[in-house]
Structures are given as structure tokens and as C-alpha cells.
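What follows is calculated from the coordinates using simple rules that are stated; it is not laboratory data. Being a predicted model, the structure only gives us computed values, none of them experimental. Cβ atoms come from the backbone with ideal geometry, glycine included; neighbour counts cover every protein chain shown.
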Amino acid sequence: MTANKSEPIIILGSGTWGLSTALHLVNEGHSNITVFDRASEIPSRYSAGYDINKIVRPEYEDPFYTDLALKAIQGWKTPLFGPYFHKTGYVVATSGRAPQKAIKHLNEALASIKDHPVFKSHITPLNKPQDFKDLFWQFRGPVTGFSGYLNRFAGYAHSANAMKGVHHHLAGRGVKFVLGPENGRVTKLVYDTSKARRCVGVRTADGQEHKATLIVSCLGAYQAELIPDVGKFSVAKSWSVAHVQLTESECDLLRGIPVINVRDLGFFFEPDPATRLLKLCPLGAGYINTDKKTGISLPPLNNLPPPQDYIPAEDEAKLRQLLRETLPWLANRPFVDQKICWFADTADSEFCVDFVPDTDRSLIVLSGDSGHGFKMMPIVGSWVLDLLKDGHQKMKRWQWKKPEGENMAAWGDAVSWRIGTTREIGDVVQERDRMIRARL
Ligand SMILES: Cc1cc2nc3c(=O)[nH]c(=O)nc-3n(C[C@H](O)[C@H](O)[C@H](O)COP(=O)(O)OP(=O)(O)OC[C@H]3O[C@@H](n4cnc5c(N)ncnc54)[C@H](O)[C@@H]3O)c2cc1C
């Protein structure tokens, strides 16, 4: 791309990373930016960030990501992002029944921060169940065998509101947004093959073509719909989310609790005061949706009823156990707004921020958030600026990758913070249907 900052730039996807990219480009002086999204409003319900909250934590076994998370947390404390960041603290724990892998992960996460100059004064070990009860009097359950630590440097961000706020800010600064299933849904990338294979624009579902000098594709789990080769190293994967509806006084009671992440069960957050919802996520290796013909996993937009208002029985069991151990009076309450949410996973949990090969540096792909990319929202766009400045991705870990092989189902299972085995969502949905029929 030339130094002319009025040349048209198109960003695909107004999710977490697309909005951040637009923010950093506009801060750099680019004045002709258009963002396309298939959703009619922001936050998009197709975005992995379409949620009331996401963990913002600095602990990683790899100091590279710890440093990035630290920078991101600085970003969360600025006026633009600050209203959405809640530094409630973050508890990492294992229950008495945790497998060795979960215990090992906890110890490694703690080792990565306990002597870190920035974090060490914020860490409190929680060696036994009574330590949890002493600190968080609201946990009236037995917390059987719980041990872990509290990190006061971390917390969560209100993800839907952060996306809404950044969208509002960008629209006010002249970034154009083209939204909706017709105008905003990109169906095709347009290439000029007369010289090199250069991406020169996009086609939307309404048949319009839009030209640009640079296209940055931030399509999350949907990336392989438009750039199929991405699907060979970054797989659409999903996790369950469920909520408990609280009364006003229950919401007040739980105000200020830290995010609690029990590695072998799941995690929950301080309730959202606006909706009085307590959000819970089970921890597991997740579900994929592989097309047998292409071998590529994409979210089930057309070929399966999207499994909304439902989570797999194995996930529900983990969440009920988590509640029994911590907030037992909620353990049997019906879950509301249950859903399966999609993100882009890589085998080693590394991001991809690179030019698509052989496109004459006209097309950038941001992919492989691997389920830990929301916290990076304040800084993601700076990685795109670095790439443009350097002309190539200097860091091997974020380069475009060669295909990883056939066995997508096993991708990511080795990652230390995932417990369990990845399954096909189609099999899980069929299992549910069989159980329903058996009950009739
Ligand atoms: C259940 C769950 C829990 C998570 N928890 C955490 C957490 O606690 N902390 C954390 O840091 N991260 C967490 N993550 C990960 C985080 O949400 C993602 O890393 C992040 O949202 C990725 O951003 P993205 O911009 O790449 O993708 P997305 O935010 O998913 O954005 C993709 C966008 O592309 C749009 N789009 C798709 N197809 C098209 C098309 N054809 N044309 C136009 N637009 C299109 C979509 O509408 C969407 O807006 C979690 C993810 C999930 C699923």
C-alpha cells in the first residue's frame, strides 16, 4: 500500500478485531475506511464477542502473550475502553476432582506471574477451601478441594458494550459501516489477475462491488467462507454459554465478586447489573462443524439448525456442579439465553496476522484468535500497522501457515488450558435429538 492515507481500505467484519483494526488505522490518519458486516447492527450477533463479558487476564505460560496482555490491559484503562473494563480480580482454581492436566496448567499460569514485577504484588494464593470462603463470603457452597490463587490485576470487560462504544467512536470519526445481510455480507473477494493476483475489492450479497487498495479480513470463525485456505490452519470451533437470571437483590449480593475460573468445570462473572444475568461458560475442548467434502469447519449457518437456546448435556452438568460448589442456591435454576458461540482456533493457540500469500500485499488476514483474543481488543489494530510498516510478518508464530493436516477434531486438544476432546457439533445435536425422542 502507498503512503497516501486517503486510499480506500476495506475491513471485513466489525467484530472485536475488525473494530480494533479500524481504530488503529484511523488513529494513524487513514481517512477512507469502510467496514462491512453481515449483521444489521453492532455488536454483531455472529461475533464471538457478542456477549456480556469476557475475561481480561494477563497470565499465559508464554511471556510473549503475557506482555501483549499487559499492553492490552493498559489500553483497557484508557478513556475509550475504560468504561467497559471491570478490574474485579480473577480467581484461577481447580476443584478436588481436577485431572492432572488442569492442575499443571494452574501451576504454570501462576508461575508465569507470581514473580513478575508488575503482577506479583497483586497475587494471593488460595491454598484450601476455607481461603476461598474467607475472601468471597458469597461462595456458600462447599468449594470441595478447591485450591488456586486470586490475581487482582485482572478482571473482565463488558464485550458487547465495548464493541458498541468503539463503533460509535469510529462512526463519529468518519469510518463508514455497511451493515446487514444484503449490503454488508461479503460473498466474494474480487481479484485482478492481469498482473499478479491482487485483491482489488469485495462483492456483497446485493451484487455490488466495492473497490479498495487494501483489504483486511477479520471474519473470525467465518474466515474460511471467503479465504478457504485459512480453514486448513484455523478451524471454526465453539463453546457453550449459559446464563442464570437473578433477582435485583441476588445481583446486589454478587456485586464485586471476581471472575472465578475453575479449570476442570468452568467460569462465571460478576452479574451484569443492566440485565441481572450471571454468565457461565463450561471449560472443554469445544465443538467443530466439519464439512465432509471440503474438510473445513465453519459455523453451521445453513446446514444445521443453529443450536441456540441449548447447550450440550455434558456442559450443563459441569456448570451445575460449578454452581453447587460455589453458589448452591442457584444450582437448579433454569438456564436462560443458552447458546453455542463460534471462534477461530489454531492447533497451537497462536494468532495469524499476515498478508495472504501471492496477493501482492493487498489482502491481510487476521485469524486464529483461539478463544483468547477479546482481551487484546485495544491493541489488535497496532499489529496491522506493524505489518504494513514492515511489509511482511516478522514473527514466525503469526505468519500464514501451511496446512496442519487432516485431523481437525484433535486440533487444540493439546493446548494446556483445554480439558477434554473436541467433538463434531452434528454428533452432539443428534445425541440430544435421540434423547428427546426417547423421552417422548
Ligand atoms: C464462548 C466464548 C468465550 C470467550 N471468552 C473469552 C474471554 O474470556 N477472553 C478473551 O480474551 N477472549 C474470549 N473469547 C474469544 C474472543 O471472543 C475472540 O477472540 C474475539 O471475539 C475474536 O474476534 P474476531 O474479530 O476475530 O472475530 P469476531 O468477533 O467473531 O468477528 C467476526 C465478524 O465477522 C462478521 N462476518 C462473518 N462473516 C461475514 C461476511 N461474510 N461478511 C461480512 N461480515 C461477516 C461477523 O458478523 C462478526 O462481526 C471467547 C470466545 C467464545 C466463543
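Key figures for this structure:
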{"read-out": "Radius ratio Rg over Rh of the chain, counting only Cα atoms, Kirkwood formula for Rh", "value": "0.96"}
{"read-out": "Degrees, to the nearest 10: 16-27 long Cα axis against longest axis of the chain", "value": "50 degrees"}
{"read-out": "In Å, descending, principal axis extents of the Cα set of region 9-137", "value": "56, 31, 29"}
{"read-out": "Computed over region 63-186: relative contact order in percent, which uses C-alpha pairs under 8 Å that are six or more apart", "value": "33 percent"}
{"read-out": "Relative contact order %, region 211-336, counting alpha carbon pairs below 8 Å whose residues are six or more apart", "value": "28 percent"}
{"read-out": "Mean separation of Cα contacts under 8 Å, 6 or more apart, over the residue count of region 165-248: relative contact order %", "value": "17 percent"}
{"read-out": "Hz values of 3J(HN,Hα) by residue in region 3-8 - Karplus curve (6.51, -1.76, 1.60), Gly and Pro given as x", "value": "6, 6, 7, 9, 5, x"}
{"read-out": "Charge tally in the Cβ shell below 11 Å around ASN332, where Lys, Arg are +1 and Asp, Glu are -1, ASN332 excluded", "value": "+3"}
{"read-out": "Gyration tensor (Cα) of region 104-207, equivalent ellipsoid semi-axes in angstrom", "value": "49, 20, 16"}
{"read-out": "Kirkwood-Stokes translational diffusion coefficient of region 249-309, alpha-carbon pairs, 25 °C, 0.890 mPa s, µm²/s", "value": "168 µm²/s"}
{"read-out": "Nearest-0.05 FRET efficiency for ALA313 and ARG203, computed from C-beta distance (R0 51 Å)", "value": "0.75"}
{"read-out": "Region 318-360: proportion of alpha-carbon pairs further apart than 18 angstrom, %", "value": "61 percent"}
{"read-out": "Inverse mean reciprocal Cα-Cα distance (Kirkwood Rh) of region 289-380, Å", "value": "16.8 Å"}
{"read-out": "Long-range amide H partners of ALA154 with built H, under 5 Å", "value": "GLY89, TYR90"}
{"read-out": "Two-decimal Rg/Rh across region 191-230, once Rg and the Kirkwood Rh are taken from alpha-carbon atoms", "value": "0.98"}
{"read-out": "Vicinal HN-Hα couplings computed from phi for region 385-398 (Karplus, 6.51 cos²θ - 1.76 cosθ + 1.60; Hz; Gly/Pro x)", "value": "4, 4, 4, 5, 5, 7, x, 7, 7, 6, 8, 4, 4, 9"}
{"read-out": "Residues TRP76, TRP329, sorted so that the one with the fewest Cβ neighbours within 10 Å comes first", "value": "TRP329, TRP76"}
{"read-out": "Cα-Cα separations in region 49-107 greater than 20 Å, expressed as whole percent", "value": "41 percent"}
